[in-house]
1. Among residues belonging to segment 164-185 that are without any contact (Cβ under 8 Å) to a residue 24 or more places away in the chain and of a type in the set (D, E, K, R), point out the one that is nearest to Phe245 (Cα to Cα).
2. Out of everything in segment 88-129 that is polar (S, T, N, Q) and modelled with pLDDT under 95, what residue ends up being surrounded by the most Cβ atoms within 10 Å (Cβ to Cβ)?
3. I'd like the residue in segment 186-214 that is basic (Lys, Arg) and at pLDDT 95 or above and, out of all such residues, is surrounded by the fewest Cβ atoms within 10 Å (Cβ to Cβ).
4. Out of Lys217, Lys183, I need the residue that is basic (Lys, Arg), in a loop (DSSP other than H, G, I, E, B) and either modelled with pLDDT under 95 or at negative phi (or both). Which one?
5. Leu167 versus (1) surrounded by 14 or more Cβ atoms within 10 Å (Cβ to Cβ); (2) not in a strand (DSSP E or B): which is the lone unmet condition?
6. Restricting attention to segment 130-144, and to residues there that are of a type outside the set (Asp, Glu), touching a residue at least 24 places away in the same chain (Cβ under 8 Å) and part of a strand (DSSP E or B), which single residue is surrounded by the fewest Cβ atoms within 10 Å (Cβ to Cβ)?
7. Given the structure, is Arg252 of a type in the set (Lys, Arg) and either within 16 Å of Arg237 (Cβ to Cβ) or assigned to a loop (DSSP other than H, G, I, E, B) (or both)?
8. Would you call Val244 closer than 15 Å to Phe273 by Cα, free of Cβ contacts under 8 Å to residues at least 24 places away in the same chain and either under 14 Å from the mean Cα position of the chain (by Cα) or assigned to a strand (DSSP E or B) (or both)?
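The values are calculated or read from the model by the stated rules, or taken from the named source; none is laboratory data. Note that the coordinates shown come from a computational prediction; the quantities given were computed from them, not determined experimentally. Positions of Cβ are backbone-derived with ideal geometry, glycine not excepted, and every protein chain shown enters the neighbour counts.
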Amino acid sequence: MKNIKWKCVIVCICYIILRTISCYAQNTPWHWILTLRGDASRKSMDMPYSLYVDKATSRYYVVDTYNNRLLSFSKKGKFLHAFSANQKLKLPMAMIHDSNSILWIVERGKNALVKINLKTKAINVFHLKFHSMELFPDRMHEYNGIIYLLDKMTGNIYAFSKELKLLHCFKAPNSSLGFIDFKVMRGALWALAMEDQSIYRFNLNGDLIKVIHLSKKMEFPYSLAIGPTGMIYVADRHKNCIFVFDGSGEYRYSFLNLGQDRGKIYYPSEIDFDPWGRLCIVEEGNGRVEIFGR
């Protein structure tokens, strides 16, 4: 009788383990593809903050903040070049590279938006204001020739022309802290509010279209990405994992966890999808960018 009971217990445990593995496999369709790490001399990244992907050249650009440089990599992850503007960069946070050989770089050390002409080597430094209030630019994206900047102080997002004429302001009406991250795609601006754990979707004229309340409580939501199928991905900076929601905000699954090994993350600062549908995770803690595919 005792043997039968033990057999039943063992069968139940095995069933639970297999069930857990099966659910985990279903809920985590992502697998590691490659890592962007350092330059040819093996100098590691030091707290990289953001990533820019140039579809035209199939290149990744990593903003290596505390090394005061930008690193470029091929689509396959091969290191290509390090750029520091002759050691003039001071704590770069974000960048875009437009088709006219112009680099736009947010530099926290100067609290400025810096324009670098790669052909003429000319460097222009701009200290931005909204009315009389100085802006503290943080995250940056470009869409159809418009530069979008997140102001670290207010949490508002400002849209500027390439001549730096202010066009629109995007605010979170239900959050006193404003936004912590945003993406611009498919003719809309998607912004993450940490305080109420919601996604705000605007049209590009600054009109609020929809508020998506995320159904699962997170510890420290820090960056968002919108997947190719419309799923919402949010990086939790303290839990060191990625939460996935559907387009209405319903929780679907989470994946990844804390660690330094391949396929684990530590202190993520930004997530985004590249043009090939791969999920890129910039890790300040591990000093690298991990890229995952399905």
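1. Step by step, filter segment 164-185, then rank; the result is Lys171.
2. Ranking the candidates gives Ser101 first.
3. That would be Lys210.
4. Going through Lys217, Lys183 in turn, the sole match is Lys217.
5. (2) is the only condition that Leu167 fails.
6. Per the criteria, the residue is Phe130.
7. no
8. yes
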